[in-house]
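*Asks:* Provided herewith is a single structure, encoded as structure tokens, for subsequent inquiry.
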Amino acid sequence: MVLDKWCLTLLTDAAVAWTTEYYGLAIAQMRAEGSAVDDELLAHISPDHSENVNFFGTINVKVDTELAKLGPAGAASPPGPHMATADQ
């Protein structure tokens, strides 16, 4: 029982950390592109939602495909026009 609770805590912490990281990257990218992102608004955004967690099913992941998406820092780059293509 204790191990189950620890695993759920670990899963929750990982989801919050992942979401927090990508919120930061998205905000930095928006600001770099000239969008005004109000810090007052950001104070009301929380990374502890669970829409990105599948509690009731299995997730089929093509590991090789997902690993190929990782950048040199070990994290996937957020999608968008800022990403360089191979011919640039």
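The values are calculated or read from the model by the stated rules, or taken from the named source; none is laboratory data. Small disclaimer: the values here were computed from a predicted structure and weren't measured. Quick reminder, even Gly has a Cβ in these numbers, built from the backbone with ideal geometry, and neighbours come from all protein chains shown. Keep in mind that these areas ignore ligands, DNA and RNA; they rest on the heavy atoms of the full protein, side chains included. Shrake-Rupley method; radii C 1.70, N 1.55, O 1.52, S 1.80 Å.
*Asks:* Tally up the residues in segment 31-49 that are within 30 Å of L11 (Cα to Cα) and open to solvent by less than 70 Å² (accessible area, probe 1.4 Å), please.
*Replies:* Of the residues in segment 31-49, 5 are within 30 Å of L11 (Cα to Cα) and open to solvent by less than 70 Å² (accessible area, probe 1.4 Å).
Quick grid of which residues meet (1) modelled with pLDDT of 85 or more; (2) among the β-branched types (V, I, T); (3) in a loop (DSSP other than H, G, I, E, B); (4) at positive phi:
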| residue | (1), (2), (3), (4) |
| --- | --- |
| G34 | yes, no, yes, yes |
| L41 | yes, no, no, no |
| D48 | no, no, yes, no |
| E51 | no, no, yes, no |
| E66 | no, no, no, no |
| G80 | no, no, yes, yes |
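*Asks:* Is there any pair linking a residue in segment 24-36 that is closer than 20 Å to P47 by Cα to one that is open to solvent by less than 60 Å² (accessible area, probe 1.4 Å) and in a helix (DSSP H, G or I), with Cβ under 8 Å and at least six apart or on different chains, and which?
*Replies:* I27/L42
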